[in-house]
1. Determine the gain in length on full extension of the stretch TYR111-LYS144; use 0.36 nm per residue of separation and subtract their C-alpha separation, reporting nm with one decimal.
2. So, in the chain, how many Lys pairs have Cα atoms under 27 Å apart, if the pair is 8 or more places apart or on different chains?
3. What does the highest-first list of 100-108, 146-154, 78-86 look like by mean Cβ count within 10 Å?
4. Putting +1 on Lys and Arg Cβ atoms and -1 on Asp and Glu Cβ atoms, find which of VAL128, GLY172, PHE51 reaches farthest to the positive end of the dipole of the chain.
5. How much FRET efficiency would the formula 1/(1 + (r/R0)^6) give for ALA175 and SER153, where r is the Cβ-Cβ distance and R0 is 25 Å, rounded to 0.05?
6. What ranking, highest mean first, results for peptides 92-98, 175-181, 69-75 when packing means the other Cβ atoms within 10 Å averaged over each residue?
7. Quote the Stokes-Einstein diffusion coefficient, in whole µm² s⁻¹, for the chain, based on the Kirkwood radius over alpha carbon pairs, a temperature of 37 °C and a viscosity of 0.692 mPa s.
8. How big is the charge dipole of the chain about its Cα centre, in debye rounded to the nearest 20, if each Lys and Arg gets +1 on its Cβ and each Asp and Glu gets -1 on its Cβ?
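The values are calculated or read from the model by the stated rules, or taken from the named source; none is laboratory data. Since this is a predicted model, take the numbers as computed values, not measurements. In this analysis, Cβ positions are derived from the backbone assuming ideal geometry, glycine residues included, and neighbour counts consider all displayed protein chains. Calculation scope for accessible area: heavy atoms of the full protein, side chains included, ligands and nucleic acids excluded. Shrake-Rupley method; radii C 1.70, N 1.55, O 1.52, S 1.80 Å.
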Amino acid sequence: MSYQKPRTQHDYKDLFWSLLPLVLICLVIAGIASQCTFSAKGPTQGQIPNFDAKAALSDDARTLSFPVRLPALPDTGPDKWTPNSGSHDTIVGAGGGAVSTVGFISPQGTYMQLTQTNATEDALAKKVMGNQYASGTEQVGDRKWVVYGDPGSEPAWITDFGDVRVLIKGAGNHAIFTTLATAVGNAQPLPKKAQQ
């Protein structure tokens, strides 16, 4: 005579007790492999990659045909902006041009992108924001920034210096955007030739 319950009488308690040994085995294996950690305060920020934005943008200023600016952002203390990445691209098609991008981690821990290009505003907005349209403007100092983005998405601000368009984009709040926009507006173009 069998002491097992018929299958029709099994419930969630039986399923729980069946899966418990499997879950414990998985946790032991993950612990041995050091792939799991526990932090009672939630996730912690990892190491930010080291990127020399000044050297990268100085090199871009020498090699690209348009003026390139290096915004003066705090690099120490609680208001520190940490450059973490950089890239080059080309916008092809009508109104296209060369693109220089540098990424920063803001004091809030959010990623902010600074893009400079000789492409038109329309071409730049389409490349970075896809089909999102201008939704307003922001006045920062004496410079007007056109705001692109849909509610719930990361916005982008674009301004026109005449010979170059500058875009800032990221997950920062309004104060972070304003800080970066102010720094860009105050920055002078970097020299085209290496200083001796």
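1. Working: separation 33, 0.36 × 33 = 11.88 nm, distance 2.25 nm.
Length gained between TYR111 and LYS144: 9.6 nm.
2. 18
3. 100-108, 78-86, 146-154
4. PHE51
5. On the way: r = 19 Å, r/R0 = 0.76.
That gives a FRET efficiency of 0.85.
6. Working: 92-98: 14.0, 175-181: 19.4, 69-75: 17.7.
Going from most to least packed, we get 175-181, 69-75, 92-98.
7. Working: Rh = 20.2 Å.
Stokes-Einstein gives a translational diffusion coefficient of 162 µm²/s.
8. Values: 16 positive and 16 negative charges, 71 e Å.
With Lys and Arg at +1 and Asp and Glu at -1, about 340 debye.
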